[in-house]
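Contents: one structure, followed by commentary.
The values are calculated or read from the model by the stated rules, or taken from the named source; none is laboratory data. What you are looking at is a predicted structure, and each value in this text was computed from that prediction instead of being measured. When we count neighbours, we look across all protein chains shown, and the Cβ atoms used for this are built from the backbone with ideal geometry, even at glycine. Quick note on the areas: whole protein, heavy atoms, side chains included, nothing else; ligands and nucleic acids left out. Shrake-Rupley method; radii C 1.70, N 1.55, O 1.52, S 1.80 Å.
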Amino acid sequence: EEILEDLNSRFLGPVLVAAVIGAGVVHTLIGPDPAFHLPYISDPTWRSYLLMPVVAVLSALIGVAFQKGSLGLRLKMRTSLFPKAVHPVLGAAVTWLLGMSVFMICGKLGTFGIGYGDLSDALNEKLAWQVAGLLLFAKWFSTVACYGSGGCGGIFSPCLFFGAMCGAAISGISLPFLGMTDSDRVLLTVVGMSACLGAVVQAPVTSILIIFEMTHQFSLLPGLIIAALVSQLVARRLLKENFYMKILTDDGHEMEHVVPPRDLRSWQNLPVSAVAQFAPVTVEITDIQAFHSVLEAHSYERFPAMQNGQFVGIVRREEIEAGIREDRLLKPEPCPSLLPGETIRKAEHLLIESGMGMVIIADQPQGKPLAVLTLHDLLRAQMAVAERE
């Protein structure tokens with residue numbers, strides 16, 4: 001779900017077989033030992049379900065802020081005046097400062113490393129809400145500093161930690177007013193874990209299953225489902241891409257070229273910029289002296305025509321040759337144009353209806369040509385996708 005972003009993919013079968021084999025090996029060698037040992041969740045009350053959306057929204061917002069903060073800092077560090085080798089040292093210094101400050105205040109070491117001990121304490125109700133809030137603050141800033149400065153580390157454990165501390169803090173604050181049970185408090189902590197992770201990876205099924213498999217408690221599933229749904233509503237409204245895709249985009253990868261379409265609908269919904277040929281060869285219809293060089297340098301049959309910097313249509317090769325013989329300006333023919341973000345489906349209709357065999361990709365309606373798209377380009381891209389499969 002995270003890599004393919006599609007649970008309907010034909011790759012799902014082999015992935016499930018691999019997952020079952022892996023689980024079977026682990027259960028054979030280690031046994032059904034969950035990652036987190038929770039007290040048994042017995043009949044959570046309506047109070048926990050009343051607070052679940054609140055915890056899920058706040059945890060999702062924390063995840064969104066984490067993605068924007070860490071990846072935003074990652075971009076800013078590229079233009080930093082500090083040497084690149086020093087960047088991780090800066091993140092480590094921030095982590096040390098925050099981690100030691102928290103340790104001096106409450107004796108907790110969750111700011112460092114995975115934070116497994118403090119996370120387990122939160123799930124077993126051994127953490128005061130004030131301490132949970134302090135750990136959330138310190139862990140968030142230290143992880144953003146480390147990841148954004150190029151230090152080592154992942155996002156799974158921090159997201160689980162952020163969500164757990166958010167849920168523990170809210171349940172602790174609400175305890176005097178709502179009188180929640182122990183099961184209610186544990187359930188809210190788990191809901192926060194699922195919501196924060198789901199918001200960052202934007203994979204709702206993954207965020208449900210991973211928490212369930214780490215706890216082995218079936219009674220958590222209703223809360224995890226609510227958390228996953230709420231987290232997706234928040235994340236998809238505030239973020240265009242999940243954490244992994246955003247990194248690739250920031251590094252200059254065009255994801256339409258990296259991730260192939262999985263069916264006809266996906267193919268037709270791709271932007272035309274994914275298959276068009278950029279840097280088109282244009283012809284200035286008033287520059288008669290340049291006609292010879294254009295024909296000698298390129299074997300194309302059609303060229304985008306420009307006049308005083310404005311796109312005015314398409315000129316065919318025979319029209320350029322006639323212009324040379326007759327020493328006259330060229331007569332362009334009309335040609336449809338699209339914006340880079342418009343779909344291949346629309347381009348296909350224009351190619352069929354125009355009869356020109358070419359569509360111009362412009363920076364604005366009837367603006368400067370950025371690329372051209374021909375029937376050959378479409379067929380070439382389709383063959384490339386077929387070969388990948």
Could you tell me whether Phe82 is open to solvent by 20 Å² or more (accessible area, probe 1.4 Å), over 23 Å from Val191 (Cα atoms) and over 30 Å from the mean Cα position of the chain (by Cα)? no
Pair list, Cβ under 7 Å, 6 or more apart: the stretch 234-250 residue farther than 16 Å from Pro158 by Cβ, other residue at pLDDT 85 or above and surrounded by fewer than 14 Cβ atoms within 10 Å (Cβ to Cβ): Asp250/Leu75
Out of curiosity, is Tyr147 within 29 Å of the chain's Cα centre (by Cα), under 25 Å from Tyr40 (Cα atoms) and hydroxyl-bearing (Ser, Thr, Tyr)? no
Criterion first (open to solvent by 40 Å² or more (accessible area, probe 1.4 Å), at pLDDT 80 or above and over 18 Å from Phe218 (Cα atoms)) does Val15 satisfy it? no
Looking only at residues that are within 30 Å of Thr189 (Cβ to Cβ) and hydrophobic (A, V, I, L, M, F, W, C) in the stretch 85-101, which one is most open to solvent (accessible area, probe 1.4 Å)? Trp96
Name the pairs whose Cβ atoms lie under 7 Å apart, with the first residue in the stretch 174-191 and within 17 Å of Gln130 (Cα to Cα) and small (Gly, Ala, Ser), the second open to solvent by less than 50 Å² (accessible area, probe 1.4 Å) and at pLDDT 80 or above, and 6 or more positions between them or separate chains? Ser174/Leu51
Subset of the stretch 195-223 that is among the hydroxyl-bearing types (Ser, Thr, Tyr) and touching a residue at least 60 places away in the same chain (Cβ under 8 Å) - its residue that is surrounded by the most Cβ atoms within 10 Å (Cβ to Cβ): Thr215
Looking for something modelled with pLDDT under 80 and open to solvent by 80 Å² or more (accessible area, probe 1.4 Å) - is there at least one such residue anywhere in the stretch 18-25? no
Residue count, the stretch 42-66 (criterion: open to solvent by less than 50 Å² (accessible area, probe 1.4 Å) and out of contact with any Asp or Glu (no Cβ under 9 Å at 6 or more places or on another chain)): 10
When you look at Asp33, is it under 26 Å from Tyr116 (Cα atoms) and in a loop (DSSP other than H, G, I, E, B), yes or no? yes
Only unsatisfied item for Gly107, checking (1) open to solvent by 50 Å² or more (accessible area, probe 1.4 Å); (2) more than 30 Å from Leu238 (Cβ to Cβ), is (1)
Somewhere in the stretch 319-335, is a residue touching a Pro at 6+ places or on another chain (Cβ under 7 Å) and touching a residue at least 12 places away in the same chain (Cβ under 8 Å)? no
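Go through the stretch 33-67 and give me each residue that's free of Cβ contacts under 8 Å to residues at least 40 places away in the same chain and over 19 Å from Leu123 (Cα atoms).
Filtering the stretch 33-67 for residues free of Cβ contacts under 8 Å to residues at least 40 places away in the same chain gives 33, 46.
If the condition is that a residue be free of Cβ contacts under 8 Å to residues at least 40 places away in the same chain and over 19 Å from Leu123 (Cα atoms), then Trp46 is the only one that fits.
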Any hit, the stretch 156-173, residues being over 30 Å from the mean Cα position of the chain (by Cα), open to solvent by 50 Å² or more (accessible area, probe 1.4 Å) and more than 24 Å from Gly69 (Cα to Cα): yes
Which helices (runs of 4 or more DSSP H) sit wholly inside the stretch 59-158 and have at least 1 residues that are farther than 19 Å from Asp250 by Cβ, among the polar types (S, T, N, Q) and modelled with pLDDT of 90 or more? 87-106, 129-148
The condition from (1) open to solvent by 80 Å² or more (accessible area, probe 1.4 Å); (2) under 20 Å from Ala145 (Cα atoms) that Leu75 misses is numbered (1)
